[in-house]
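The values are calculated or read from the model by the stated rules, or taken from the named source; none is laboratory data. All values derive from a computational prediction rather than experimental measurement. In this analysis, Cβ positions are derived from the backbone assuming ideal geometry, glycine residues included, and neighbour counts consider all displayed protein chains. Note: accessible area is taken over every heavy atom of the protein model, side chains too, but ligands, DNA and RNA are not part of it. Shrake-Rupley method; radii C 1.70, N 1.55, O 1.52, S 1.80 Å.
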Amino acid sequence: MQRESYVHGNSGPPLIGKTIGALLDEVSATDGAREALVVAHQKIRWTYSELKSRSDAFASGLLSLGLEPGDRVGIWAPNCAEWTIAQFATAKAGLILVNINPAYRLGELEHVLRAVECRALITAARFKTSDYVAMIRELVPELGNGSSELKSSRLPELRHVISIAGKHDGCLTFDGVLERGKQVGNRRLDAVSAAVQIDDAVNIQFTSGTTGLPKGATLSHHNLINNAFFVGEATGIEPGSRVCIPVPLYHCFGMVMGNLGCVTHAATMVYPSESFDPLRTLEAVEAERCDVLYGVPTMFIAQLNHPEFLRFDLSWLRRGIMAGAPCPIEVMKEVASAMHMSEITIAYGMTETSPVSFQSSRDDSLELRVSTVGRIQPHLEVKIVDRDGRIVPRGEAGELCTRGYSVMLGYWNDEARTREAVDSAGWMHTGDLATIDDDGYCRIVGRIKDMVIRGGENVYPREVEEYLYRHPDIQDVQVFGVPDTKYGEELCAWIVLKAGATIDEEEVRRYCQDRISHYKIPRYIRFVESFPSTVTGKVQKFAMREAMIEEFTRAAGVGT
């Protein structure tokens, strides 16, 4: 009898029934002297006791401003110690932290603040070329009018802007709120935190869709703590592990798999820089003797190809996670050998599932670790379904759906889009195409919307990318579909060459001819320096497609 593409995680350790505030209290009580946080660019080094006392003080300070449990507090900043204090403080105070992408511009910022009706905004002064304070003043010209509470016409719910660095007219300072909390003490905080429940919302993360406005995935204490714990277990994090976190905190990879993954295991969080920098990451791994390193594939590629890579002693590294995008086979092999990460794992998931559903094991063969995203996480279920919602046989491609403790509470204040994503039986429809084999290993074939239909043939870009990665001169590649009058769609490949390489389009095609079917060979090939991507390193294929369509339009115009 043919087996169906349905898997469920073995029970393993029981689910954790604690809030995030209670978790930090517990770790502080048992491992208070252990180093909790190292922030290289701020020269900060705190124990768990120090992190708890600062988080509690900031939480009390927020409550003293008149914020109430359930209120939303935005944070708009790159990686820094204040981000982490805010994460634990808001959780302890029953507030909902709203992660705001550091790359957001004015319109996106306004959408987020308005969509969830933020009562307070914690902000950096600036980041890269963005002057955050100036942008906020443009959005809220009433800032600095002398009132103790902000009253904005465009953002009527916003009451406080809290500046992480420096004093700015109309803004409270982060340190000032923290000092205020020390003065009022923790009596109210203790009462509030005792009332917080594990299923309460604690975090809203805006998912970056390619069309439409971002949606606010709302996540609970129970969602985040348990996913962090089980990801940490699969990764091999132990008390005393030192985890290098160069991925953004505003994203699940940083704040859940990174921060909470460490706290659930009494490990040390290490931030090398405020945003990803390959040199700073290598320096932090060496200086802090990190045994665990996180990153998306583009981050590992940047480190491996850095001109100073060979001078670093990375011998303490053993474990880590590569996730957030398809992981090229050749890159994975190089990370395992050249970076000493023999136990590196692959993880797969999405923000709406807190995030991880599948993860490879440290003792899986290298072949399985590079060709799959591993097996189902404990306490979760996954099924692969066809367009009619029927479960497909093992090995057949279909949409991956997840159910269990990790599925979000919903999109904030958006019942219609929540119902589209999570069906009446509790299944989260991911939009990803996947297969599950007889041993339960999952392979992500691509996004439903990324699949290319060329003359009636289904082509999965991921498969073509894997072939091209094996070319000795190709460093990175992205394959996607572009419109074609004859076939409906044709394949296009954008290629980043290794330093000093000089291959041309015809050589790439010749390389493909003996390896893949003719209809999978890209018709269009472009050599580029880099790919358009989000700050989390996720490549934006839609932007490449748009660029090619624009190129075709210009070419057609020249010919008329």
Check your understanding: Any residue in segment 508-522 that is over 28 Å from Pro278 (Cβ atoms), touching a strand residue (DSSP E or B) at 6+ places or on another chain (Cβ under 6 Å) and open to solvent by 50 Å² or more (accessible area, probe 1.4 Å)?
Key -> no
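Out of segment 158-188, which residues are charged (D, E, K, R), modelled with pLDDT of 95 or more and either open to solvent by less than 70 Å² (accessible area, probe 1.4 Å) or in a loop (DSSP other than H, G, I, E, B) (or both)? Walk me through how you get there before you give the answer.
From segment 158-188, those charged (D, E, K, R) are 159, 167, 169, 175, 179-180, 182, 187-188; that's our starting set.
Applying the additional criterion that residues be modelled with pLDDT of 95 or more yields 159, 175, 179-180, 182, 187-188.
Residue satisfying the conditions is Arg159 alone.
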Point to revise | Evaluation of Phe206 against (1) in a strand (DSSP E or B); (2) open to solvent by less than 10 Å² (accessible area, probe 1.4 Å) (one fails), failing number | key: (2)
Check your understanding: On the given criteria, is Val292 buried (at least 24 other Cβ atoms within 10 Å of the Cβ), touching a residue at least 40 places away in the same chain (Cβ under 8 Å) and under 17 Å from Leu97 (Cβ atoms)?
Key -> no
Practice item. Could you run through segment 1-18 and say how many residues are open to solvent by less than 40 Å² (accessible area, probe 1.4 Å) and either farther than 11 Å from Ile376 by Cβ or within 23 Å of the chain's Cα centre (by Cα) (or both)? Key: 3
Check your understanding: If you go through segment 489-499 one residue at a time, do you hit one that is of a type in the set (Gly, Ala, Ser), over 30 Å from Gln359 (Cβ atoms), without any contact (Cβ under 8 Å) to a residue 60 or more places away in the chain and surrounded by fewer than 17 Cβ atoms within 10 Å (Cβ to Cβ)?
Key -> no
Review point. Which residue pairs have Cβ atoms closer than 7 Å, lie 6 or more positions apart in sequence or on different chains, and pair a first residue in segment 440-458 that is over 17 Å from Tyr6 (Cα atoms) with a second residue that is acidic (Asp, Glu)?
Key: Arg447/Asp432; Ile448/Glu399; Val452/Glu489; Ile453/Glu489; Arg454/Glu489; Arg454/Glu490
Study note, to complete from the structure: Flagged pairs (Cβ under 9 angstrom, 6 or more apart or on separate chains; first in segment 548-559, open to solvent by 60 Å² or more (accessible area, probe 1.4 Å); second of a type in the set (Phe, Trp, Tyr) and modelled with pLDDT of 90 or more) are none
Review point. Quick check, is Thr264 among the hydroxyl-bearing types (Ser, Thr, Tyr), modelled with pLDDT of 95 or more and either under 23 Å from Glu529 (Cα atoms) or touching a Phe, Trp or Tyr at 6+ places or on another chain (Cβ under 7 Å) (or both)?
Key: yes
Review point. Any chance segment 221-238 includes a residue that's farther than 30 Å from Leu282 by Cα and either open to solvent by 60 Å² or more (accessible area, probe 1.4 Å) or modelled with pLDDT under 95 (or both)?
Key: no
**Study point:** Unique match (being at pLDDT 95 or above and open to solvent by 40 Å² or more (accessible area, probe 1.4 Å)) among Glu82, Glu117, Glu149, Glu108
**Key:** Glu117
Check your understanding: What tally of residues in segment 19-58 results from selecting those that are of a type in the set (Gly, Ala, Ser) and either in a strand (DSSP E or B) or under 24 Å from the mean Cα position of the chain (by Cα) (or both)?
Key -> 4
Point to revise | Residues that are part of a helix (DSSP H, G or I) and among the small types (Gly, Ala, Ser), drawn from segment 127-157 | key: Ala134
Check your understanding: Considering segment 470-491 alone, what residues qualify as being under 17 Å from Gln513 (Cβ atoms) and in contact with an Asp or Glu (Cβ under 8 Å, 6 or more places away or on another chain)?
Key -> Arg470, Val477, Val479, Glu490
Revision key, fill the gap. Among residues of segment 421-458 being at pLDDT below 85 and farther than 17 Å from Arg387 by Cβ, the residue least open to solvent (accessible area, probe 1.4 Å) is Gly455
